[in-house]
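Peer 1: Take this structure, written in structure tokens, and hold onto it; I'll ask about it next.
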Amino acid sequence: MYNVICMIIMGLVSYLPRAIPLAFFNRKIENKFIRSFLYYVPYAVLAAMTFPFILYFIPEMWIAAIGTAVALLLATLKQKLIVVAAVSVLVVFILLIIF
């Protein structure tokens, strides 16, 4: 039930900042700050909600930190999202089996 509630909240957080301006503004938003704010807020909130879960989901926090580091490295190298997710999960899985 906790995961379902988190998914609903993440969906609302990513949808509302984009839907509210459409409901209240009739013309295109020209201000660069507001446009960038509306673009990046959903990503920042989703990251803030999922990052603690990443670290505390696995019993060994250092394994989770290594998985996160692998994901950040692959994302920095501009790999596709599916590659980043699959490789980081695989690294964590292998480390859990070994240790």
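Peer 1: Calculated from the structure, Rg and Dmax of the Cα atoms in Å equals which of (1) 14.6, 41; (2) 14.2, 45; (3) 17.3, 57?
Peer 2: Label (3) holds the value from this structure.
Peer 1: Also: Can you work out the PRE-style zone for V45? Point 7 Å along Cα to Cβ, and I want the residues of the stretch 11-32 with backbone N under 11 Å.
Peer 2: Residues 11-20 qualify, since their backbone N sits under 11 Å from the label point.
Peer 1: As I understand it, the value is the acute angle between the Cα axis of helix 81-98 and the longest principal axis of the Cα atoms of the chain; what does it come to in degrees, rounded to 10?
Peer 2: Once rounded, one gets 30 degrees.
Peer 1: Helix 2-24 versus the longest principal axis of the chain: what is the Cα-based angle in degrees, 0 to 90, to the nearest 10?
Peer 2: 30
Peer 1: Only sites in a loop by DSSP and with at most 15 other Cβ atoms within 10 Å count here; which trypsin sites (Lys or Arg not before Pro) in the chain make the cut? Provide the component values of the computation, followed by the final result.
Peer 2: Details: sites: R18, R27, K28, K32, R35, K78, K80; in loops: R27, K28, K78, K80.
Of the trypsin sites (Lys or Arg not before Pro), the ones in loops of the chain whose Cβ has at most 15 other Cβ atoms within 10 Å are R27, K28, K78, K80.
Peer 1: Please give the contour-minus-distance gain from I29 to V83: 0.36 nm per residue of separation, less the Cα-Cα distance, rounded to one decimal in nm. Present the calculation step by step, with values, prior to reporting the outcome.
Peer 2: On the way: separation 54, 0.36 × 54 = 19.44 nm, distance 3.45 nm.
Length gained between I29 and V83: 16.0 nm.
Peer 1: Please report, in debye to the nearest 20, how large the charge dipole of the chain is about its Cα centre when each Lys and Arg carries +1 at its beta carbon and each Asp and Glu carries -1 there.
Peer 2: Numbers: 7 positive and 2 negative charges, 115 e Å.
Result for the chain is approximately 560 debye, rounded to the nearest 20.
Peer 1: What is the Å³ per residue value for the convex hull set by the Cα atoms of the stretch 58-99? Intermediate results must be reported in sequence, preceding the final value.
Peer 2: Details: hull volume 2.1 nm³, N = 42.
Hull volume over Cα atoms, normalised by residue count, gives 50 Å³.
None of the figures in this text is laboratory data; all of them are computed from the coordinates on show. Please read all numbers here as calculations on a predicted model, not as lab measurements. Because the Cβ atoms are built from the backbone with ideal geometry, glycine has one as well, and the counts that use them run over all protein chains shown.
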